[in-house]
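What follows is a single structure, written as structure tokens, with notes after it.
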Amino acid sequence: MPREIWLVFRRHMAVSLRNPAWVIVGLTQPILYLVLFGPLMERIVSSTPGFPQGDAWQILTPGLLVQLSLFGSLFAGFSLLADLTTGVLERLRVTPARRLSLLLGRVLHDTVQLLVQAVILILLAVVIFGLRAPLAGIALCLTMVALIGITLSAASYALALTLRSEETFPAVLTSISTPVLLLTGILVPITTNLAPHWLYTLSRLNPFAHVMEAQRATFRGEYTVDALLTGSVVLVAITALTIWWATTTFHRENA
Amino acid sequence: MIEARGLARTFRSRGGPVEAVRGVDLDVAPGELVGFLGPNGAGKTTTLRLLTTLLRPTTGRATVGGCDLLTDPVGVRRQIGYVAQGGGTAYECRVREEIEIQGRFYGLSKADTVRRGAALASRLDIAGLEHRLVRTLSGGQRRRLDIALGLIHAPALVFLDEPTTGLDPQSRANLWEHIRALRAEHGLTVFLTTHYLDEADALCDRVLVIDNGTIVATGTPDELKSRISGDSVSVEVAPGTVPDAAGIAGRLPGAHEVTTGENTIRFRVPRGDTALPELLRALHTHGIDLRSVQVHRPSLNDVFLTLTGRTLRDAEVPGAA
């Protein structure tokens, strides 16, 4: 099975490496926010009470990593829809290879791709905008980014395979991703001091809001149970849940 | 090689259940080249998807390549090659990459995959394309790559779903040659679907005619043709001798559907080739001057018409595949 996963991973990686434009395309949005919104944020954070600890870049960069994951991994299902249309998926499903390998190989590819982008984004923030974050914190944050990537790309494949439509799929994704993104507080953190009570309560229902907080804590170098536990537990739980969902979808006949 | 009993599959749809396949029994012996003939929407592809483990039957059972379809689908997958209707190659991948993942998924080593891939590529006239992207191949080349992928693990049985649909006549004839040759060289069992009568006629040892989810006839192309309506014979004679000639033709054993034109007589007999000498002798004895004679074996289209009351084209379900 690891061999099959590796084969699927390498197949997708070969295609990505032939078109390295994906790195740039995926990074465009977060870099624009970094350049055109970051400096604004610097002033706001220093003059507005209620922000969590840390400077503007420590708050913004983890947020942009979540945005990167959402726009990268969440749309991974498109490649599966293409393979569905061209019959590639069916061809591979008639081989003795495990169906789970077909899923995990893709997820692994998407996650590696996301991590490369995340590293580039962090480097840009460090070099150009002077982001200061401890190395261990960055490593921890990247681990979380990887888990978010796994979660979102697995969910995306499950959804694509369930909907099987190149029209419905992006429509559903957009209607989910926008509220999730806003309720995660990727630009301005949703805290008790900054947000009205109802909005804060609503954001607590969004698992990514908890993960977001843990990620920001890692950039501040806070590794306390208080700062990391909720986010980590929530993250591991949603990762396991979506992998399970995607696995059952991939194993279902006619999928 | 294949033994299916009562294989059926019902799909749920908004308009209620759709019985795509309703109780198919079929047997395919090792080394046979069997064609599944029927209009679009008759249940060909669904039956193929059942036999290749892509769909679970609603009822019925089957063994494919000695493995039970329901209890050992992975065993079935190891035994068979499957080439889907629209193919199944990724446009952005290189030919070499497609061959490699296919072979290695079947458990071949890298070296074996390369060797086997090269042999198939040269056998199917796609050698030297290994480094090309799939999207740069022509339709015929892509189709042959599909077939090479389906055969990479040297299966004893290969399923070809509409192998020549969408190919130009030259590529079609070329592919037929390849299929015949592969089968002759490797004793491959081939189960193919087609809605081309000439394809079933030219290629298959045995034809199963499917309509509306059930098999309505089975036999060699010749058997089917002779069993159904017989050969059509048309005779041209001198004007004025038509009634006499028609009388003679009508007395031939098994002659039926005798019609006459200004100086032609048409009729059907079970075997045109054996009826002809007798006809010629009788015409000669009666001093009737014969100008030309033609014998047409019935096409499978005639067969389909007789069996179902519809021509193949009429039977096509719009939009179905």
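Averaging the Cα positions of each part gives two centres, and for the range B:1-66 and the range A:9-33 these lie 42 Å apart. What would the Debye equation give as log₁₀ I(q)/I(0) for chain A at q = 0.16, 0.18 Å⁻¹, counting only Cα atoms as equal point scatterers? Values returned for q = 0.16, 0.18 Å⁻¹ are -1.18, -1.42.
How tilted is helix B:95-105 with respect to the longest principal axis of chain B? Cα atoms for both, answer in degrees (0 to 90, nearest 10). The two axes meet at around 80 degrees.
Our note on the geometry: Cα centres of the range B:234-262 and the range A:194-239, 94 Å apart. Every Cα-Cα pair of the range A:131-255 was included, and the share exceeding 18 Å stands at 60 percent. Averaged over the residues of peptide B:52-60, the number of Cβ atoms from other protein chains lying within 10 Å of each residue's Cβ is 2. If the chain linking B:THR218 and B:HIS286 were pulled fully straight, counting 0.36 nm for each residue of separation and taking away their Cα-Cα distance, it would gain 20.3 nm.
The convex hull built on the alpha-carbon positions of the range B:230-297 has an orientation-averaged projected area of 3.7 nm². The packing ranking of peptides B:91-103, B:265-277, highest mean first, is B:91-103, B:265-277, where packing means the average number of other beta carbon atoms within 10 angstrom of each residue.
Semi-axes of the equivalent ellipsoid for the protein assembly as shown, computed as √(5λ) from the eigenvalues of its C-alpha gyration tensor and ordered from largest down, come to 67, 23, 20 Å. Between the beta carbons of B:VAL114 and B:ARG78, assuming R0 = 22 Å, the FRET efficiency works out to 0.60 to the nearest 0.05. I need the calculated FRET efficiency for the pair B:ALA184 and A:THR28, taking r as the beta carbon distance and R₀ as 56 Å, to the nearest 0.05. Here the calculated transfer efficiency is 0.50.
How much of the calculated P(r) for the range A:95-161 lies past 18 Å, in percent of all Cα pairs? Roughly 48 percent, once rounded to a whole number.
On C-alpha positions alone, give me the angle between the axis of helix B:169-186 and the longest principal axis of chain B, in degrees, nearest 10. The answer is roughly 70 degrees.
The value obtained for the range B:204-255, namely the Cα convex hull volume divided by the number of residues, is 113 Å³ per residue. Across the range B:1-102, the volume of the C-alpha convex hull divided among the residues equals 137 Å³ per residue. Contact order for chain A, expressed relative to its length and based on alpha carbon pairs under 8 Å spaced 6+ residues apart, stands at 28 percent.
Legend: mean number of C-beta atoms from other chains within 10 angstrom of residue C-beta atoms, peptide A:7-19, equals 3.
Across the range A:136-153, rounded Karplus estimates of 3J(HN,Hα) from the backbone phi angles (6.51 cos²θ - 1.76 cosθ + 1.60, θ = phi - 60°) give 4, x, 5, 4, 5, 5, 5, 4, 5, 4, 4, 5, 4, x, 4, 4, 5, 6 Hz, Gly and Pro being marked x. Top mean-square fluctuation among A:SER203, A:SER165, A:SER73, Gaussian network model of chain A, C-alpha springs under 10 Å? Highest fluctuation of the listed residues: A:SER165. For chain B, relative contact order (Cα pairs under 8 Å, six or more residues apart, normalised by length) works out to 20 percent.
In the range B:2-225, one over the average inverse separation of all distinct C-alpha pairs is 17.9 Å, which is the Kirkwood hydrodynamic radius. Counting charges near B:PRO30 (Lys, Arg +1; Asp, Glu -1) among other residues having Cβ under 14 Å from its Cβ returns a value of -2. Legend: mean number of C-beta atoms from other chains within 10 angstrom of residue C-beta atoms, peptide B:82-94, equals 6. Loop-located trypsin sites (Lys or Arg not before Pro) across the range B:5-55 with a Cβ neighbour count of 14 or fewer within 10 Å are B:ARG12, B:ARG14, with loop assigned by DSSP.
Read-outs throughout are calculated quantities, based only on the coordinates presented, and are distinct from any laboratory measurement. Computed from a predicted structure; not experimentally measured. Neighbour counts are summed over all protein chains in view; Cβ atoms, including those assigned to glycine, are modelled from backbone coordinates with ideal geometry.
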